[in-house]
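Peer 1: Please see the structure below; I have some questions.
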Amino acid sequence: MEELRRYEKGSVTRRHFLGVTGLGAATAVMAGALPGLRPSRALAGSHIGDRVVLATWPNYHDPENFETFTEQTGAFTQVNVFGSNEEMLAKLQAGGSGWDVYVPTNYTITTYVDEDLIEPLDMSKLPNYDPEAFDARFADAGIVDGVVYAVPKNWGTTGIASNTSHSGGAAIDSWKVFFDRTMDDFSGRTMVHDYQLTTIGAALNYHGYSFNSVDEAELADAEKLLIDVKPHLFAITSDYQPAMRSGDAWLTICWTGDGKQLNTDIPEIAFALGKEGGELWSDYYAIPKGAPHMEAAYALINFMLDPEVNAREVMAHGYPVADSRTNALLPEEILNDPILYPAAERLDALEFGAAATLTDPNRAELLARFKSA
């Protein structure tokens, strides 16, 4: 609040205010109440309007890129943060999301197409997208029946972040160890995602089952484990960095970029893939049906696909990208980082999420029972 008052008085810049408060993209939440935080459209006299609304994930962008976008176009990027694909889907199904751009994960896109919740993209408005530059493994999910509905943002893995100060100096790299130690010496210090795919998937991997299983007997085993673990958890949340940074939590299910950010700032926090399996994923930029600021949506996606902009994103959020043009701009220490770009054999045990898991009622009910237990 002190910094806010300084900003309102004009004694500090917007960039300083964002930096010292750590708000970054979250300034979108405050923009409605504090119009002074929203830059003027007059900066560029753009025809795309004064704002674009982006629905995305925590800790997933470089706020300075949004500032540059505003300087170039006059459109302010309002950011809404979500913790699961189920939450994004429910919001769009309910109607009136107000989003212009959102960031779905690979396995969800066919569902959005089936439910007519996603716009087919006019590729003429995305000149910065070069399909030849992308690794098809992390780009193909955006194409359904020959139509492009989404273009790649980045990719990553779902693994384990552990504070090695409390784990005997070694990274925890097993889902069996993850859950067993949660019920032992890590009791009260572990977090799991508020997200059925990864939390149920990790419990399935504990038993040696597929991350994507919808088999009722296998889901029953996963549920028993999660119910047993529940009293020992610190929290169920997809925004787990604050508790890991403060030391309140020592262990969490973790996405690649968060693992890199935590390890960079606090080296004793290690990131590892679970040796029993886990998730390999890719995220995309897409436009929801009936987006209110359509031209601004295309402008933002095209801007974010610029290799130089994308390289700045990688340096800020620590997620790997599948764009060879962007990778050519990154330093070798990034490209050789085992967190961001694990050896191919480490990826072999991982699975892309399956479309069936998004709408499977048994998995949805399992997570609801687990959270309410």
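The values are calculated or read from the model by the stated rules, or taken from the named source; none is laboratory data. As the structure is a computational prediction, the values presented were derived from the model and not from experiment. Don't worry about glycine lacking a Cβ; one is built from the backbone with ideal geometry, like all the others, and counts go over all protein chains shown. Ligands, DNA and RNA are excluded from the accessible area calculation, which covers all protein heavy atoms including side chains. Shrake-Rupley method; radii C 1.70, N 1.55, O 1.52, S 1.80 Å.
Peer 1: Tell me, which helices (runs of 4 or more DSSP H) wholly within the range 45-163 include 2 or more residues that are crowded, with 18+ Cβ neighbours inside 10 Å, aromatic (Phe, Trp, Tyr) and in contact with a strand residue (DSSP E or B) (Cβ under 9 Å, 6 or more places away or on another chain)? Please lay out each step first, then the result.
Peer 2: Details: elements: 63-73, 85-94, 109-114.
The qualifying helices (runs of 4 or more DSSP H) are 63-73.
Peer 1: With Asp185, Asp228, Asp239 as the choices, which residue is at pLDDT below 95 and open to solvent by 30 Å² or more (accessible area, probe 1.4 Å)?
Peer 2: Numbers: Asp185 fails: at pLDDT below 95; Asp228 fails: at pLDDT below 95.
Asp239 is the lone residue from the list that is at pLDDT below 95 and open to solvent by 30 Å² or more (accessible area, probe 1.4 Å).
Peer 1: When you scan the range 210-225, how many residues do you find that are polar (S, T, N, Q) and either farther than 14 Å from Thr199 by Cβ or open to solvent by 40 Å² or more (accessible area, probe 1.4 Å) (or both)?
Peer 2: If we filter the range 210-225 for residues that are polar (S, T, N, Q), which is where we start, we get 210, 212-213.
Retained after the next criterion (residues that are either farther than 14 Å from Thr199 by Cβ or open to solvent by 40 Å² or more (accessible area, probe 1.4 Å) (or both)): 210.
Selection size over the range 210-225: 1.
Peer 1: Out of the range 302-337, which residues are buried (at least 22 other Cβ atoms within 10 Å of the Cβ) and over 16 Å from the mean Cα position of the chain (by Cα)?
Peer 2: Correct list: Leu305, Asp323, Thr326.
Peer 1: Out of the range 209-231, which residues are within 26 Å of the chain's Cα centre (by Cα) and not in a helix (DSSP H, G or I)?
Peer 2: Those that are within 26 Å of the chain's Cα centre (by Cα) and not in a helix (DSSP H, G or I): Tyr209, Ser210, Phe211, Asn212, Ser213, Val214.
Peer 1: Let me ask something else about it. Out of all the residues in the range 244-285, which are in contact with a Phe, Trp or Tyr (Cβ under 6 Å, 6 or more places away or on another chain) and more than 30 Å from Trp175 (Cβ to Cβ)?
Peer 2: Answer for the range 244-285, where residues must be in contact with a Phe, Trp or Tyr (Cβ under 6 Å, 6 or more places away or on another chain) and more than 30 Å from Trp175 (Cβ to Cβ): there is none.
Peer 1: From Pro58, Pro131, Pro104, grab the single residue that is at pLDDT below 95 and under 27 Å from Ala328 (Cα atoms). I'd like the intermediate steps shown before the answer.
Peer 2: On the way: Pro131 fails: at pLDDT below 95; Pro104 fails: at pLDDT below 95.
Selected residue: Pro58, the only one of Pro58, Pro131, Pro104 that is at pLDDT below 95 and under 27 Å from Ala328 (Cα atoms).
Peer 1: Report yes if some residue within the range 326-348 is at pLDDT below 95 and either in contact with a His (Cβ under 6 Å, 6 or more places away or on another chain) or of a type in the set (Ser, Thr, Tyr) (or both); otherwise report no.
Peer 2: Yes: the range 326-348 contains one or more residues that are at pLDDT below 95 and either in contact with a His (Cβ under 6 Å, 6 or more places away or on another chain) or of a type in the set (Ser, Thr, Tyr) (or both).
Peer 1: Show the residue pairs that are 6+ apart or on different chains and have beta-carbon atoms under 6 Å apart, the first residue being within the range 60-88 and of a type in the set (A, V, I, L, M), the second being part of a strand (DSSP E or B).
Peer 2: Here the result reads Ala75/Arg51; Ala75/Val52; Val79/Leu54, each pair linking the range 60-88 to a residue that is part of a strand (DSSP E or B).
Peer 1: A further question follows. Going through the range 338-370 one residue at a time, which ones are without any contact (Cβ under 8 Å) to a residue 40 or more places away in the chain and either open to solvent by less than 30 Å² (accessible area, probe 1.4 Å) or out of contact with any Lys or Arg (no Cβ under 9 Å at 6 or more places or on another chain) (or both)?
Peer 2: Matches in the range 338-370: Tyr341, Ala343, Ala344, Glu345, Asp348, Pro361, Glu365, Ala368.
Peer 1: Separate question: Tally up the residues in the range 258-272 that are open to solvent by less than 40 Å² (accessible area, probe 1.4 Å) and either of a type in the set (Ser, Thr, Tyr) or over 14 Å from Pro338 (Cβ atoms) (or both), please.
Peer 2: Adding up the residues that qualify gives 5.
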